[in-house]
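The values are calculated or read from the model by the stated rules, or taken from the named source; none is laboratory data. What you see is a predicted model; the values in this text were computed from it and never measured. Counting neighbours? That spans all protein chains shown, and the Cβs are built from the backbone with ideal geometry, glycine included. Please note that ligands, DNA and RNA were not included when accessible areas were found on the heavy atoms of the full protein model with its side chains. Shrake-Rupley method; radii C 1.70, N 1.55, O 1.52, S 1.80 Å.
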Amino acid sequence: MSEPFYVTTPIYYVNAEPHIGHAYSTIVADVLNRFYRLTGCKTFFLTGTDEHGDKIVASAEKSGQTPKEYVDRISHLFRMLWPKLNISNDYFIRTTDQNHKDTVRRILSKVNENGDIYFSDYEGLYCVGCERFYTQRELVDGKCPDHQTEPEVIGEANYFFRMSKYQDWLIDHINRHPDFIRPERYRNEVLSFLKEPLEDLCISRPKSRLSWGITLPFDENFVTYVWFDALINYISAIGFPDGEGFEKFWPFSQHIIAKDILKPHGIYWPCMLKSAGIEIYQHLNVHGYWNVNEGKMSKSLGNVVSPLQLMDVYGLDAFRYFLLRDMVFGLDSEFSEEALVGRINADLANDLGNLVSRSLTMVHKYFKGKLPDSGAPEEADKDLKESALDLIDRYETLMKNQAFHKALIAIWEVISKVNKYIDTMAPWVLAKSDCDRLSTVIFHIVETLKIVSALLWPFMPGSAEKIQDQLGLAKKGEALKLDDVRAWGKERAEKPLVKAPALFPRIEEKGLKGEAGKAPRKETRKKEEPMISFKEFQKMDLRIGTIREAEAIPGSKKLLKLTVDVGDERTVVAGLVGHYSEAELPGKQVLVLANLEPVKLMGVESRGMVLAAEDGDDVRLLMPDGNMPPGSIVK
Ligand code: ME8
């Protein structure tokens, strides 16, 4: 029986609406969670919101709400976002939950009883954005490196946690567990920080300055520092101290965070756990930043990228795939819509989408939708099978090491191998000459596709399930597990394979300018257009027009200037050169969209559009089935 798996995201501050940075961390956690489910592990996946502290109070004031009203509203936005991104979290924690508050007080009491809390006067440099004190050497040009603001000097008496006491222990723990913090660059960053003496941590705020927090169990006049409160969510959510979930999952805990919060997670949190006598978490997995136009996303710069907008335009799985494929876990990545469209068209529409559709088409055409058995395999078949089965092992190793982009590259190598196998084996030729070979080839294609779909499930659950459904394999809504696909040929379709529309429609790149961060532009649409209402349809003034004259437009290789009678005579410019001659057009009746905004084309004002059907290079005008008076309404 495999070990359980427990994954967490940061609990996000409710002072801003979710953007692609939050979406990325949460999707990474979801991918990992689904991956471990795929391997047969029992898993627990936690996300939530961080709702106390100065920042929240300031944001609530700005929006004219009480802190409670404000946190309820924004927390709800996060909670509602995750199902839309197909996030499979088991629990959503809020630091304003009573159970969490009780756990924080319990741990503070324990740490206090252990003699690790003392009261003292302190004056320090405080960054409100980070909600923490900075030392001089942490500042860059006197400013907080994250917020580029000068910290305030704050002097007040507060409670302190003796973090310094755990410095040597922590260094030793990191040295003895090389993958405790990963990738290595972040482990080194923490170790390098620990080369200097570790200062004690200020863990309280006087209620006279901030009342929106958890009251200290040993002094009514103070609330808990927001980080001391927030980090504890990882154990309060699973029932610390004696809940079943805590006992089962905590020893297998993995946190996902970005580099901005490395210090609280890599230093404060292990020291807090050690002081409270609790086992340390297993791994801290740290990723880089998504930047936009080479800078951090920020509301003031107006370059915040909304996950929902992207998803609406490009589709959820394409968005999830892009985030995981384009970022090397641990390094920063530049977000651009061009790159997203490029990936969708090349990897999803071309490689994967084509593979699925041509495979299913062949099973239908040659075997009436029923998957044939394999005959004796030849070298090429054995080679494909070996690559597909090897892929499962490579994939497992890569996923366990957060090398998501490499796992996807490995899957795509096999996708491209099957596509080449199809081209070389040419089933359409075998269909005429060798039925046995045809069965063997189709069998190998479908088996490989089955493996591909299973490995894709953590990244693109909806599409993977669709593929499995089309392959007749979906079992009561449960996706295939790794063990199901490892047994080559064992998992057989229980119903006929289904031919279905394209999984990933190509995106037209027309007009894309790559201003990342801006809302997706109108020209960038899926070919599969959204539905329009009847009311919207009625806005179109479609009429029958009779072409009176047609003439070339000097300098244009495509356009003709038409004089069309649509009840009134008007000029309509149409791209008909090469399809119709000027001489054959007069007298023809056509369909005209008469209320299109006038536009100047090659210096000629066009008032309307002549409708035509297009198939590659061929263009044919649409005409009424019988003569109609010019200006007749089309409805
Ligand atoms: O720090 N690129 O909350 P937060 C990638 N409440 N990830 C990004 C990102 C970007 N540009 N921007 C944000 C807090 N993130 C605390 C956490 S945990 C006990 C308390 C993601 O709302 C990334 O995961 O500022 C980062 O660590 C987190 O959002 C910070 O979220």
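Annotations for the structure displayed:
- Output for the stretch 11-42, where each listed residue is free of Cβ contacts under 8 Å to residues at least 40 places away in the same chain and near the ligand (Cβ under 9 Å from one of its atoms): none
- Residue in the stretch 172-181 that is open to solvent by 20 Å² or more (accessible area, probe 1.4 Å) and touching a Leu at 6+ places or on another chain (Cβ under 9 Å) present: yes
- Qualifying residue in the stretch 613-620 (condition: closer than 14 Å to G545 by Cα, in the same structural domain as G545 (by TED's automatic domain parsing) and open to solvent by less than 60 Å² (accessible area, probe 1.4 Å)): no
- Scanning the stretch 192-220 for residues that are within 16 Å of the ligand (Cβ to nearest atom), among the β-branched types (V, I, T) and out of contact with any Asp or Glu (no Cβ under 6 Å at 6 or more places or on another chain) returns a single hit, I203.
- Residue ranges of helices (runs of 4 or more DSSP H) in the stretch 385-488 with at least 3 members buried (at least 16 other Cβ atoms within 10 Å of the Cβ) and in contact (Cβ under 8 Å) with a residue 12 or more places away in the chain: 404-425, 435-456, 461-470, 482-486
- Taken over the stretch 221-239, the criterion of being in a loop (DSSP other than H, G, I, E, B) and either within 13 Å of the ligand (Cβ to nearest atom) or at positive phi (or both) is satisfied by Y225, I232, A237, G239.
- Residue match in the stretch 569-581 (condition: charged (D, E, K, R), within 20 Å of I633 (Cβ to Cβ) and surrounded by fewer than 18 Cβ atoms within 10 Å (Cβ to Cβ)): yes
- All positions within the stretch 590-600 that are farther than 18 Å from E614 by Cα and crowded, with 16+ Cβ neighbours inside 10 Å: A594
- Within the stretch 57-90, the set of residues being touching a strand residue (DSSP E or B) at 6+ places or on another chain (Cβ under 8 Å) and open to solvent by 90 Å² or more (accessible area, probe 1.4 Å) comprises R79 only.
- Residues (charged (D, E, K, R), open to solvent by 30 Å² or more (accessible area, probe 1.4 Å) and outside any loop (DSSP other than H, G, I, E, B)) located in the stretch 32-54: R37
- Taken as a whole, the condition of being assigned by TED's automatic domain parsing to the domain that holds F133 and free of Cβ contacts under 8 Å to residues at least 24 places away in the same chain does not apply to I214.
- The stretch 106-129 - residue that is in contact with a Phe, Trp or Tyr (Cβ under 9 Å, 6 or more places away or on another chain) and not in a strand (DSSP E or B) and, of those, most open to solvent (accessible area, probe 1.4 Å): R106
- Taking the stretch 494-601 as the region of interest, the strands (runs of 3 or more DSSP E) fully inside it that hold 3 or more residues being at pLDDT 80 or above and either in contact with a helix residue (DSSP H, G or I) (Cβ under 6 Å, 6 or more places away or on another chain) or not basic (K, R) (or both) are 542-552, 560-565, 569-574, 589-593.
- Scanning the stretch 157-166 for residues that are assigned to a helix (DSSP H, G or I) and in contact (Cβ under 8 Å) with a residue 40 or more places away in the chain turns up M163, K165, Y166.
- Residue match in the stretch 18-31 (condition: in a loop (DSSP other than H, G, I, E, B) and either open to solvent by 50 Å² or more (accessible area, probe 1.4 Å) or not assigned by TED's automatic domain parsing to the domain that holds A230 (or both)): no
- Residue count, the stretch 277-296 (criterion: among the aliphatic types (A, V, I, L, M) and open to solvent by 10 Å² or more (accessible area, probe 1.4 Å)): 2
- Per the conditions (1) assigned by TED's automatic domain parsing to the domain that holds F44; (2) of a type in the set (D, E, K, R); (3) open to solvent by 20 Å² or more (accessible area, probe 1.4 Å), the sole criterion not satisfied by D229 is (3).
- The single residue among T96, T103, T8 that is open to solvent by less than 50 Å² (accessible area, probe 1.4 Å), away from the ligand (no atom under 12 Å from the Cβ) and touching a His at 6+ places or on another chain (Cβ under 8 Å) turns out to be T96.
- Scan of the stretch 428-485 for residues that are of a type in the set (K, R) and more than 12 Å from L371 (Cβ to Cβ), ordered by number: K432, R437, K466, K475, K476, K481
- Considering the stretch 43-70, the residues that are within 12 Å of the ligand (Cβ to nearest atom) and modelled with pLDDT of 95 or more include one that is nearest to V7 (Cα to Cα), namely L46.
- Counting only helices (runs of 4 or more DSSP H) wholly contained in the stretch 240-358, the ones carrying 1 or more residues that are away from the ligand (no atom under 14 Å from the Cβ), assigned by TED's automatic domain parsing to the domain that holds R162 and in contact with a strand residue (DSSP E or B) (Cβ under 8 Å, 6 or more places away or on another chain) occupy 244-249, 269-275.
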